[in-house]
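J.: This is the structure, below, for whatever I ask next.
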């Protein structure tokens, strides 16, 4: 089990949280991007640079993700591919993609793409906020508590308390 990050548009604060989580619970984190990424020295953290091209990072993640992995992405088609492989998908704002909602999100994305291509200004997402960062941190911690067994050396630390059941648990 590992965490994959669609890293080209992922906020730095989210990447930093993932680096800390990798060290804290001993889970591998792989960032995938079209550009060079500097990552902290750790056998648990790596970056893969893909050739420039539309969806090259998404395609690599979709190909390599395994059931049970977690993918951090704001890309709805990638999230759909991840869910199809029985993996988990979380956006950088802390919102889960689920089998129950992914089709609707794909339809909405398609509709907005059509509007933009016909010249309609649909605006963009709001600026990434401190609240988004806190929501992401809370959801990541819940996922880690449910899915990652901490290394024995860390078992004496305060236990992670699982929250309520989420639809992404499976």
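The values are calculated or read from the model by the stated rules, or taken from the named source; none is laboratory data. Bear in mind that the values here come from a model prediction, so they are computed numbers and not experimental data. Every residue, glycine among them, receives a Cβ derived from its backbone with ideal geometry; neighbour counts consider all protein chains shown.
J.: Quick check, is residue 83 farther than 23 Å from residue 135 by Cβ and in contact with a helix residue (DSSP H, G or I) (Cβ under 9 Å, 6 or more places away or on another chain)?
T.: Criteria not met by residue 83.
J.: Out of the residues in region 83-134 that are assigned to a helix (DSSP H, G or I) and at pLDDT 90 or above, state the one that is surrounded by the fewest Cβ atoms within 10 Å (Cβ to Cβ).
T.: Among them, the one singled out is 130.
J.: Output the number of the condition that residue 22 fails; it satisfies all remaining conditions of (1) at pLDDT 95 or above; (2) surrounded by fewer than 20 Cβ atoms within 10 Å (Cβ to Cβ); (3) closer than 19 Å to residue 142 by Cβ; (4) more than 10 Å from the chain's Cα centre (by Cα).
T.: Residue 22 satisfies every listed condition except (2).
J.: Being surrounded by 17 or more Cβ atoms within 10 Å (Cβ to Cβ) and assigned to a helix (DSSP H, G or I) is the filter here, so list the residues in region 1-16 that pass it.
T.: If the condition is that a residue be surrounded by 17 or more Cβ atoms within 10 Å (Cβ to Cβ) and assigned to a helix (DSSP H, G or I), then 14, 15 are the ones that fit.
To keep it simple, each residue is scored yes or no on (1) farther than 15 Å from residue 90 by Cβ; (2) modelled with pLDDT of 95 or more; (3) part of a helix (DSSP H, G or I).
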{"position": "18", "(1), (2), (3)": "no, yes, yes"}
{"position": "32", "(1), (2), (3)": "yes, yes, no"}
{"position": "53", "(1), (2), (3)": "yes, no, no"}
{"position": "57", "(1), (2), (3)": "yes, no, yes"}
{"position": "61", "(1), (2), (3)": "no, yes, yes"}
{"position": "67", "(1), (2), (3)": "yes, yes, no"}
{"position": "71", "(1), (2), (3)": "no, yes, no"}
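J.: Restricting to region 47-66, name every residue that is surrounded by fewer than 15 Cβ atoms within 10 Å (Cβ to Cβ) and closer than 25 Å to residue 137 by Cβ.
T.: Scanning region 47-66 gives a single hit, 66.
J.: If you don't mind, another one. Limited to region 42-51, what total is found for residues that are part of a loop (DSSP other than H, G, I, E, B) and either modelled with pLDDT of 95 or more or touching a helix residue (DSSP H, G or I) at 6+ places or on another chain (Cβ under 7 Å) (or both)?
T.: 4
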